[in-house]
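Trainee: Pasting in a structure now, in structure tokens, and then I'll have a few things to ask.
Every number in this text was worked out from the coordinates using simple rules, so none of it is lab data. Everything quoted here is computed from the prediction, not taken from an experiment. Heads up, the Cβs are rebuilt from the backbone with ideal geometry, glycines too, and the neighbour counts pull from every protein chain shown.
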Amino acid sequence: MDLYLAFAEGERVKVFDNADFGFRTITVERPLRLNFQASAQRIARLNEQRAFQNLARSRKRDVVSRAKEEAMGRKHQHDIIAALKRLPEALYKDRQESEKALTRAIRKSPLQKVTPSVRKAILGALCERDPTAEICRDKKDDPEPDTELRDTERVPLKEDVDEYFARGVAPHVPDAWINTTKAHRDKLDEKPGKVGYEINFSRYFYTYEPPRPLEQIEADIRVSQARIIAMLEELTG
């Protein structure tokens with residue numbers, strides 16, 4: 001109590017502002033990069049996509065109607081596979097070019113077009129992440145984030161977020177950016193990054209103590225070994 005009331009820094013006392021314990025957790029995004037290839041192996045992966053599987057499933061209760069709808073769905077699946085097999089097996093590293101090739105292949109087939117969910121399933125099967133590929137962009141020409149590369153950084157409240165990012169993140173991942181969408185902003189001040197607080201006593205009061213000399217440790221081990229040998233000798237008579 002005396003230390004608290006004295007309010008003076010010392011060996012056992014440190015004085016902080018509330019903001020010293022605060023941080024802003026920002027979300028760091030990196031761009032999505034995909035390649036596209038209509039190889040036999042990737043086309044086969046389409047069977048694992050739920051939207052593609054659902055084409056041959058029916059919720060109708062009537063047996064005849066359900067069987068008819070499922071047969072039509074299997075026909076639709078067959079036509080999709082046939083259209084994909086007509087695509088060249090070239091490896092595309094630009095998603096826009098790969099989507100154009102996919103659109104042309106579908107239009108030349110009996111399908112003419114597919115639903116957005118099925119198209120997404122096709123791309124999910126035929127695309128793979130590739131750090132050497134072009135950046136995938138949305139309709140506004142903004143880079144799309146790769147959720148698998150998403151990371152977070154804790155920025156002390158007393159530091160500027162942009163300065164911290166430029167100093168500690170950008171030099172290591174030049175294509176990264178801070179997610180500033182509403183979901184990644186603090187609800188109170190609406191700034192990028194959610195504010196939190198943590199009081200880590202070890203960080204503020206930890207005092208380094210060097211380990212004992214190796215010679216002392218070896219001596220203690222020899223004493224322990226001698227004691228164990230003596231105990232074993234007593235047990236064995």
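Trainee: Near K60, within a Cβ-to-Cβ distance under 12 Å, what is the net charge of the other residues, with Lys and Arg +1 and Asp and Glu -1?
Mentor: Values: positive: R57, R59, R61, R66, K68; negative: D62, E69, E70.
With Lys, Arg at +1 and Asp, Glu at -1, the neighbours total +2.
Trainee: On a straight-distance basis, which aspartates and glutamates could pair with K108 in a cross-link, Cα separation under 14 angstrom, same-chain partners fewer than 8 positions away excluded?
Mentor: Here the aspartates and glutamates satisfying the reach criterion relative to K108 are D79.
Trainee: Moving to a separate point now. At 222 nm, what helix-only mean residue ellipticity would the chain give, in deg cm²/dmol to the nearest 500, using -39500 (n - 2.57) for each DSSP H run of four or more? Display every interim value, and only then the final one.
Mentor: On the way: 9 runs with 97 residues, N = 237.
Rounded to the nearest 500, it is -12500 deg cm²/dmol.
Trainee: With r as the distance between the Cβ atoms of E97 and K75 and R0 = 41 Å, compute the FRET efficiency 1/(1 + (r/R0)^6) and round to 0.05.
Mentor: Given R0 = 41 Å and the Cβ-Cβ separation, E is 0.90.
Trainee: List the residue ranges in the chain for DSSP H helices whose C-alpha atoms run 30 angstrom or more along the long axis and whose Kyte-Doolittle average is 0.0 or above.
Mentor: On the way: long enough: 63-85 (33 Å, -0.52); 214-236 (33 Å, 0.26).
Length and hydropathy pass: 214-236.
Trainee: With semi-axes √(5λ) of the Cα gyration tensor in Å defined as stated, name the option among (i) 55, 22, 11; (ii) 59, 33, 20; (iii) 28, 23, 16 computed from the structure displayed.
Mentor: Correct label is (ii).
Trainee: Considering only C-alpha atoms, what is the centroid distance from segment 107-178 to segment 22-39, in Å?
Mentor: 4
Trainee: Okay, moving on. Once you've got the Cα coordinates, tell me which of K93/K191; K85/K120; K68/K113 are over 26 Å apart.
Mentor: Values: K93/K191 36 Å; K85/K120 17 Å; K68/K113 21 Å.
With Cα atoms farther than 26 Å apart: K93/K191.
Trainee: Taking K194 as the anchor, which lysines have their alpha carbon closer than 18 Å to its alpha carbon, excluding any fewer than eight residues away along the same chain?
Mentor: Once the sequence-local lysines are set aside, what remains near K194 is K158, K182.
Trainee: I'd like the Kirkwood hydrodynamic radius of segment 153-233, using the inverse of the mean 1/r over distinct C-alpha pairs, in Å. Intermediate results must be reported in sequence, preceding the final value.
Mentor: Numbers: mean 1/r = 0.0552 Å⁻¹.
About 18.1 Å for segment 153-233.
Trainee: Give me the three principal axis extents of segment 189-237 from the C-alpha atoms, as integers in angstrom, largest value leading.
Mentor: Principal extents (Cα only, largest first): 78, 25, 15 Å.
Trainee: Comparing A82, A19, A219, which has the greatest mean-square fluctuation in the GNM of the chain with Cα pairs linked when under 10 Å apart?
Mentor: A219
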